[in-house]
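All of the numbers you see were taken from the coordinates with simple rules; none came from a lab. Fair warning: this is a prediction, and the values are worked out from it, not measured in the lab. Note: ideal-geometry Cβ built from the backbone for every residue, glycine included; neighbour counts use all protein chains shown.
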Amino acid sequence: MIYASKRARQINDYYSDLHEGNLFDNVGPLVDSSIEDKPLTIALHEINEDKLRIRHAE
């Protein structure tokens with residue numbers, strides 16, 4: 001669940017950046033989503049559809 005919450009924060013930051021015009025700092029949703037979908041829901045869909053890979057820090 002920590003993995004999903006971290007991804008949800010990234011998605012949330014992406015939407016915030018869209019309003020500020022910074023399109024290159026964060027990756028947007030990797031699955032089809034609507035404006036009503038919350039970032040955590042989108043993150044869970046991404047995980048369910050194997051759209052993400054865990055990269056371990058060294």
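Here is how the numbers come out for the structure above:
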quantity	calculated
Potential extension, Leu30-Leu18 segment - 0.36 nm per residue separation minus Cα distance	2.7 nm
Net charge of Cβ neighbours under 14 Å - reference Ser33; Lys, Arg +1; Asp, Glu -1	-2
Quarter of Cα convex hull surface for the chain, i.e. mean projection, nm²	4.4
Size of electric dipole in the chain: Cβ of Lys, Arg +1 and of Asp, Glu -1, about Cα centre, debye, nearest 20	260
Relative contact order of the chain, pairs being alpha-carbon contacts under 8 Å that are 6 or more residues apart, as %	37
Amide N proximity, the stretch 38-55 versus Met1 label position 7 Å along Cα-to-Cβ, cut-off under 17 Å	39-45, 47-48
